[in-house]
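Visitor: Below is one structure. I have some questions about it.
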């Protein structure tokens with residue numbers, strides 16, 4: 001199999017208060033390079049892409065009903081690892097043909113970044129989510 005992965009694109013971290021988390025990462029030298037919202041089960045969540053040099057951390061706050069799941073954890077958690085790809089459709093097709101467990105029916109568009117992005121996830125052997133993303 002030959003898919004082109006350019007580099008680690010970002011690590012997604014669910015947070016309970018995006019403003020507090022953003023300030024924390026700013027103290028570590030990260031700056032907000034993209035803010036947006038997203039819909040989850042009809043309610044609005046928030047996202048901030050925090051960048052320092054070549055590293056990007058995606059902070060996202062789920063709509064209110066989901067927050068209790070994050071607050072109960074004591075160790076924090078990383079939600080997904082995202083890989084940058086040049087051609088999301090080709091990558092999707094290749095991984096599907098190779099029999100990977102793909103979690104979406106097709107690449108999903110989000111109104112993130114200047115022109116949007118498309119992504120999809122696969123499930124790893126222990127249930128970890130690996131995202132493949134193309135910034136358009």
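Visitor: What tally of residues in region 64-97 results from selecting those that are in a loop (DSSP other than H, G, I, E, B) and at pLDDT 85 or above?
Guide: 3
Visitor: Filtering region 25-57 down to residues that are in contact with a strand residue (DSSP E or B) (Cβ under 9 Å, 6 or more places away or on another chain) and not in a strand (DSSP E or B), which residue is nearest to residue 77 (Cα to Cα)?
Guide: Step one: of region 25-57, the residues in contact with a strand residue (DSSP E or B) (Cβ under 9 Å, 6 or more places away or on another chain) are 25-26, 28-39, 44-52, 54-57.
Now drop any that are not not in a strand (DSSP E or B), which leaves 25-26, 28-30, 54.
Working: 25: 16, 26: 19, 28: 18, 29: 21, 30: 19, 54: 21 Å.
Filtering region 25-57 for residues that are in contact with a strand residue (DSSP E or B) (Cβ under 9 Å, 6 or more places away or on another chain) and not in a strand (DSSP E or B), the one nearest to residue 77 (Cα to Cα) comes out as 25.
Visitor: Restricting region 1-18 to residues that are assigned to a loop (DSSP other than H, G, I, E, B) and within 14 Å of residue 78 (Cα to Cα), which is farthest from the chain's Cα centre (by Cα)?
Guide: Of the residues in region 1-18, the ones assigned to a loop (DSSP other than H, G, I, E, B) are 1-6, 15-17.
Among the residues that remain, those that are also within 14 Å of residue 78 (Cα to Cα) are: 15-16.
Details: 15: 13, 16: 16 Å.
Filtering region 1-18 for residues that are assigned to a loop (DSSP other than H, G, I, E, B) and within 14 Å of residue 78 (Cα to Cα), the one farthest from the chain's Cα centre (by Cα) comes out as 16.
The values are calculated or read from the model by the stated rules, or taken from the named source; none is laboratory data. Given the structure is predicted, the values throughout are model-derived calculations rather than measurements. Counting neighbours? That spans all protein chains shown, and the Cβs are built from the backbone with ideal geometry, glycine included.
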